[in-house]
Amino acid sequence: MDFSSVVIFLLGIILLILFIQFNKKSKAYTKIRNRFKDVVDIDEERDKIKLQLDKLTYEYAQLNDDYKAKNEKLNEEYQEKRAIFEKLLREISVLEEDLEYISFGIYKPHFDFDTSEKFINKIKAFKNMQKILIREKRATYCATEWTVDGNKREGKKMTNRNIKLMLRAFNGECDAAMTKVKWNNVDKMEARIKKACEAINKLGEVNQLYITDEYLNLKLAELYLTYEYAEKKHEEKEEQRRIREQIREEERAAREYEKAKEEAEKEEKRYESALEKARDEVSEAQGAKLTKLQKQIALLEEKVKEAQEAKKRAVSMAQLTRSGHVYVISNIGSFGEHVFKIGMTRRLEPLDRVRELGDASVPFRYDVHAMIYSENAPTLENDLHHRFHDRRLNLVNLRREFFDVSLEEIEEVVHEKNADIEFTKIAEAREYRESQAIREQDQKKDTVKEKIDREFPETL
């Protein structure tokens, strides 16, 4: 065997040995792998789950970032839309005229004129000032000198047309507000004019054209004047109504005085005639007849004296234009406790005036707590009204003479004026109390009937 054959033989043996060892190691590996198979699979599963978790964590982070971005965007959009919504509500409220949407407040007059005619003259003056501003081109201003195709004249024409349109629109809004202005919406109409000016100026921004503050302020002044003129007219009407009522009251009093005077004169003549006849008969009478005639003459002389006193009193009352009665009356059924009407009448029979007040305007008749005669009744009435002014029920219409006071307070002021008068402290309120009693009785009847019906129901 040569050398090469030996080498090949040895290599074959080495490869065989290596194959046998590799085969043994492979079987051992397989045996070991099979033995720890579950452990290997858990590790792989762990790695797999870890990869999935990392992936989900990444995706969650991405989604969270997207959510935050969208949420921020939605919040921004909400705030923008909320601002628009509130702005629209304010604009709508300016045009809203229903009382339930109006915030009532005390209007502070801007002008102090004592007659409606002065208000009219002032309104005319403000209108003339507006015309002057328009004529002098101070009602609006344009920040840019426009040209049309390079032509300044055409640009000026375009600007003038836009000015007319803006002023026509603004004046129309102002006229509408002034037509509708009243005591409960002055602030709303003021806001409406300002809003109209703002909206029109915004439209004019394209052409750099705006209504001036000077012209706006003149329109607002015209609005105030228009409202205050209407209020002054109302006051004048109320004053005229009061004067007419006072004249009617004085005319009724004068008729009563004249009638009382005429009746007293008739009585005087009748008793004087009877007295003269009795005196003629007494000269021829004797005995019992004479005694009777003398008594009759004395009685007739007394009657004549009373008739003369009545006539004198009627003439005196007619001549004393400020004499009269101040009355204190209440109406519990209509106005409740501690509400009193303090008024004045010059009637010869002052209770006639009280009866008139309770005839149709209220559901129950008035109770009289005091009837105070005074030679200067208007002054006494005014003193009482002034003392209790802050206790008036109606602080706007001073002709409504109702006060939330106690009788003791009224009595104290009257006594300060040296008027000696007794006050009736308890209000009879007969009609009201009888009505309450009837109502309570009817309710008791209904209760009894319901109880009977409940305890003894009808049977078939």
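Of all the residues that make up region 122-170, how many are over 30 Å from Asp112 (Cβ atoms) and either in a loop (DSSP other than H, G, I, E, B) or not assigned by TED's automatic domain parsing to the domain that holds Ala191 (or both)?
8
Restricting the search to region 185-209, which residues are under 22 Å from Tyr224 (Cα atoms) and not charged (D, E, K, R)?
Step one: filter region 185-209 for residues under 22 Å from Tyr224 (Cα atoms), giving 185-200.
Of everything in region 185-209, those that are under 22 Å from Tyr224 (Cα atoms) and not charged (D, E, K, R) turn out to be Asn185, Val186, Met189, Ala191, Ile193, Ala196, Cys197, Ala199, Ile200.
Please go through region 333-351 and pick out each residue that is charged (D, E, K, R), modelled with pLDDT under 85 and crowded, with 16+ Cβ neighbours inside 10 Å. Talk me through it step by step, then tell me what you get.
The initial filter retains those residues of region 333-351 that are charged (D, E, K, R), namely 337, 341, 346-347, 349.
Those still in the list that are modelled with pLDDT under 85 too: 346-347, 349.
Result: Arg346, Arg347.
If you take the residues of region 424-441 that are among the hydrophobic types (A, V, I, L, M, F, W, C) and surrounded by 14 or more Cβ atoms within 10 Å (Cβ to Cβ), which of them is farthest from Ser406 (Cα to Cα)?
Step one: filter region 424-441 for residues among the hydrophobic types (A, V, I, L, M, F, W, C), giving 426-427, 429, 437-438.
If we keep only those that are surrounded by 14 or more Cβ atoms within 10 Å (Cβ to Cβ) too, we end up with 427, 429.
On the way: Ala427: 12, Ala429: 17 Å.
Among those that are among the hydrophobic types (A, V, I, L, M, F, W, C) and surrounded by 14 or more Cβ atoms within 10 Å (Cβ to Cβ), it is Ala429.
Here is a list: Glu245, Glu276, Glu231, Glu272. Which entry is part of a helix (DSSP H, G or I), surrounded by 13 or more Cβ atoms within 10 Å (Cβ to Cβ) and not assigned by TED's automatic domain parsing to the domain that holds Asn201? First the steps, then the outcome.
Details: Glu245 fails: surrounded by 13 or more Cβ atoms within 10 Å (Cβ to Cβ); Glu276 fails: surrounded by 13 or more Cβ atoms within 10 Å (Cβ to Cβ); Glu231 fails: not assigned by TED's automatic domain parsing to the domain that holds Asn201.
Only one candidate passes the filter, namely Glu272.
Which of the residues belonging to region 171-188 are more than 18 Å from Leu133 (Cβ to Cβ) and either surrounded by fewer than 17 Cβ atoms within 10 Å (Cβ to Cβ) or in contact with a His (Cβ under 9 Å, 6 or more places away or on another chain) (or both)?
Within region 171-188, Ala176, Thr179, Lys180, Lys182, Trp183, Asn184, Asp187 qualify.
Enumerate the pairs (first residue in region 141-165 and in contact (Cβ under 8 Å) with a residue 40 or more places away in the chain; second residue anywhere and among the β-branched types (Val, Ile, Thr) and assigned to a loop (DSSP other than H, G, I, E, B)) with beta-carbon separation below 8 Å, excluding pairs fewer than 6 apart on the same chain, so at least 6 apart or on different chains.
Here the result reads Tyr141/Thr212, each pair linking region 141-165 to a residue that is among the β-branched types (Val, Ile, Thr) and assigned to a loop (DSSP other than H, G, I, E, B).
Before we move on, is Ala191 outside any loop (DSSP other than H, G, I, E, B), modelled with pLDDT of 90 or more and closer than 22 Å to Lys131 by Cα? Steps first, please.
Values: outside any loop (DSSP other than H, G, I, E, B): yes; modelled with pLDDT of 90 or more: yes; closer than 22 Å to Lys131 by Cα: no.
No; evaluated as a whole, the condition is false for this residue.
Exactly one of (1) part of a strand (DSSP E or B); (2) at pLDDT below 80; (3) of a type in the set (Ser, Thr, Tyr) is unmet by Tyr327. Its number?
Against the list (1) part of a strand (DSSP E or B); (2) at pLDDT below 80; (3) of a type in the set (Ser, Thr, Tyr), Tyr327 comes up short only on (2).
Considering region 189-208 alone, what residues qualify as being surrounded by fewer than 16 Cβ atoms within 10 Å (Cβ to Cβ) and among the β-branched types (Val, Ile, Thr)?
Hit for region 189-208 is Val206, nothing else.
Please verify whether region 101-109 includes one or more residues that are in a loop (DSSP other than H, G, I, E, B), surrounded by 10 or more Cβ atoms within 10 Å (Cβ to Cβ), at pLDDT 75 or above and more than 16 Å from the chain's Cα centre (by Cα).
yes
Of these, Leu299, Leu290, which one is out of contact with any Lys or Arg (no Cβ under 9 Å at 6 or more places or on another chain), over 14 Å from Ala253 (Cβ atoms), in a helix (DSSP H, G or I) and at pLDDT 75 or above? Please lay out each step first, then the result.
Values: Leu290 fails: at pLDDT 75 or above.
Sole residue among the options that is out of contact with any Lys or Arg (no Cβ under 9 Å at 6 or more places or on another chain), over 14 Å from Ala253 (Cβ atoms), in a helix (DSSP H, G or I) and at pLDDT 75 or above: Leu299.
Looking only at region 390-417, how many residues end up being touching a Phe, Trp or Tyr at 6+ places or on another chain (Cβ under 9 Å) and not in a loop (DSSP other than H, G, I, E, B)?
12
Exactly one of (1) over 18 Å from Glu250 (Cβ atoms); (2) surrounded by fewer than 13 Cβ atoms within 10 Å (Cβ to Cβ) is unmet by Ile329. Its number?
Of everything listed in (1) over 18 Å from Glu250 (Cβ atoms); (2) surrounded by fewer than 13 Cβ atoms within 10 Å (Cβ to Cβ), Ile329 misses just condition (2).
Picking from Val354, Val368, which residue would you name as being at pLDDT below 90, closer than 20 Å to Glu422 by Cβ and either surrounded by fewer than 19 Cβ atoms within 10 Å (Cβ to Cβ) or not assigned by TED's automatic domain parsing to the domain that holds Lys312 (or both)?
Details: Val368 fails: at pLDDT below 90.
Result of the check over Val354, Val368: Val354.
Looking only at region 346-385, count how many residues are free of Cβ contacts under 8 Å to residues at least 24 places away in the same chain, part of a loop (DSSP other than H, G, I, E, B) and among the polar types (S, T, N, Q).
1
Filter region 383-413 down to the residues that are at pLDDT below 90 and within 18 Å of Arg346 (Cα to Cα) and list them by number.
If the condition is that a residue be at pLDDT below 90 and within 18 Å of Arg346 (Cα to Cα), then Arg399 is the only one that fits.
The values are calculated or read from the model by the stated rules, or taken from the named source; none is laboratory data. Keep in mind the model is a prediction, meaning the values are calculated, not measured. No Cβ is skipped: glycine too gets one built from the backbone with ideal geometry, and neighbour counts run over all protein chains shown.
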